[in-house]
Amino acid sequence: MPLLCDFPSPPVAREAFAGGFTSKGVALLTLDELEMYSRGRGARRERRYKCPFCGASEQAFHVNAESGAFNCKRNSCGVKGILREFWREREPMKANERARRDTARAFAPLASKPSAEGEGERGNWRALWEGALALDGPGARKGCDFLAARGSSVDLALASGARFCANWAPSPEGKIYSGGAAVLYPLLSGAREVVAVGGRYVGPVEPKARVGGALDRGVFLAPVWNGQKWLCPLDFEAPCIVEGPADALALASCGAPAIAAHGCNLPQWLAGALAFKTPFLSPDADNAGEKALLDWKREIGPFAPRFRVLRPANAKDFGEMLQNRGRAELRAWLRAAGVPLLDRNTEEEALARLDPQLLAAFPRPVAVEIGLNLLALDRGEEIE
């Protein structure tokens with residue numbers, strides 16, 4: 001097992017870097033220790049070193065010379081912190097002051113962080129998006145067939161803003177190349193603006209998906225139907241957070257509001273949007289999903305500490321579960337797992353199911369719940 005040379009002293013194995021972190025997970029490192037371990041490269045604002053935490057190459061460990069902030073760019077490490085010389089002493093904060101600060105952060109405006117002019121707008125992705133076809137229009141049959149083959153509702157995809165493009169070939173330089181026919185999913189910022197588009201190819205194209213725009217600023221929102229209108233998943237108490245748009249559509253088709261990151265990385269504004277809620281963290285059931293779950297817990301946990309974990313059963317993701325089991329079985333599985341599902345029936349239908357005398361005997365919310373249960377029994381479904 002390789003050692004960390006003379007850093008720290010005495011030398012210890014990388015996997016057991018004693019003293020490298022505080023009990024709260026804060027990375028401990030001084031500039032003198034770093035310079036003794038590795039000779040830095042680069043000049044002015046940013047310097048690069050060999051990572052003292054994982055031993056990665058000199059290109060991996062970046063240090064900002066002005067702020068002292070450091071970060072290992074190696075995916076398997078990713079350690080972040082500030083050099084001890086740059087730490088600032090702060091007066092202890094009282095409990096009520098800390099509560100006011102955390103509340104202010106949680107209810108900060110949901111708009112995405114202002115970006116540099118033109119960030120995410122380079123290339124041809126927006127022109128391709130604006131020229132894409134509606135899924136229910138002529139020429140979009142391939143997109144509809146692709147969704148139907150996976151058990152997804154075309155109406156639901158339409159409500160989410162999805163479109164169809166005959167040749168999705170996003171390029172930051174705007175170059176022209178052969179992409180392929182794809183279903184396009186809009187990725188929205190906290191202000192509900194399209195900041196990126198994820199394309200899923202319907203044919204045998206590699207890679208099977210490409211994204212245009214600022215992927216790290218947006219999410220895909222899969223709405224649910226309450227019998228009268230489509231409702232945004234951000235407006236619910238317990239939305240499901242998943243990796244891919246297909247997974248979000250699969251859950252929404254069963255009445256579970258869902259938000260897709262289109263990958264494993266969440267935009268910064270999403271944690272604040274979930275403040276005081278009880279979201280379900282539902283990444284894929286694979287190695288990347290395991291890492292994403294740890295990251296999501298760390299990012300969302302301070303804002304929504306009552307989060308719950310929901311992982312797909314006997315499948316990689318919920319899109320695959322929908323294909324394998326069908327909508328009725330997936331819906332029953334979600335209900336058994338404790339996921340609140342928006343019923344297909346409206347309040348009016350539930351109230352109409354009750355006798356007038358029974359309706360007058362209970363407050364409206366209780367009467368609605370009784371009516372929904374009776375309608376579920378009528379369909380042969382089990383109720384809690």
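One table, with the values for the structure above:
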quantity	calculated
From the options Leu359, Leu354, residue that is farther than 21 Å from Gly255 by Cα, in a loop (DSSP other than H, G, I, E, B) and free of Cβ contacts under 8 Å to residues at least 60 places away in the same chain	Leu354
Of residues in the range 257-296 being in a loop (DSSP other than H, G, I, E, B) and of a type in the set (A, V, I, L, M), the one farthest from Pro312 (Cα to Cα)	Ala275
Among the candidates Arg150, Arg141, residue that is assigned by TED's automatic domain parsing to the domain that holds Ala214, free of Cβ contacts under 8 Å to residues at least 12 places away in the same chain and either buried (at least 23 other Cβ atoms within 10 Å of the Cβ) or of a type outside the set (A, V, I, L, M) (or both)	Arg141
Of the criteria (1) buried (at least 19 other Cβ atoms within 10 Å of the Cβ); (2) modelled with pLDDT under 90, which one Glu173 fails	(1)
Residue list for the range 30-70, filter: surrounded by 16 or more Cβ atoms within 10 Å (Cβ to Cβ) and either at positive phi or among the aromatic types (Phe, Trp, Tyr) (or both)	Tyr37, Tyr49, Phe53, Gly55, Phe61, Gly68, Phe70
Some residue of the range 333-349 being in a loop (DSSP other than H, G, I, E, B), surrounded by 14 or more Cβ atoms within 10 Å (Cβ to Cβ), under 14 Å from the mean Cα position of the chain (by Cα) and not small (Gly, Ala, Ser)	no
The range 306-318 - residue that is of a type in the set (D, E, K, R) and over 16 Å from the mean Cα position of the chain (by Cα) and, of those, modelled with the lowest pLDDT	Arg306
Any hit, the range 127-135, residues being modelled with pLDDT under 95, within 24 Å of Ala256 (Cα to Cα) and assigned by TED's automatic domain parsing to the domain that holds Leu322	yes
Test: residue in the range 237-252 that is free of Cβ contacts under 8 Å to residues at least 60 places away in the same chain, assigned by TED's automatic domain parsing to the domain that holds Cys144 and assigned to a strand (DSSP E or B)	yes
Residue check for Ser178: surrounded by fewer than 22 Cβ atoms within 10 Å (Cβ to Cβ), in contact with a Gly (Cβ under 7 Å, 6 or more places away or on another chain) and in a loop (DSSP other than H, G, I, E, B)	no
Complete set of residues in the range 276-305 that are surrounded by fewer than 17 Cβ atoms within 10 Å (Cβ to Cβ), within 22 Å of Leu334 (Cα to Cα) and under 14 Å from the mean Cα position of the chain (by Cα)	Glu290, Lys297
Residues of the range 203-222 satisfying the condition of being crowded, with 21+ Cβ neighbours inside 10 Å and assigned to a loop (DSSP other than H, G, I, E, B)	Gly218
Some residue of the range 64-79 being modelled with pLDDT under 60 and outside any strand (DSSP E or B)	no
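The values are calculated or read from the model by the stated rules, or taken from the named source; none is laboratory data. Everything numeric here is computed off the predicted structure, so don't read it as measured data. Virtual Cβ from ideal backbone geometry, glycine too; neighbours counted across all protein chains shown.
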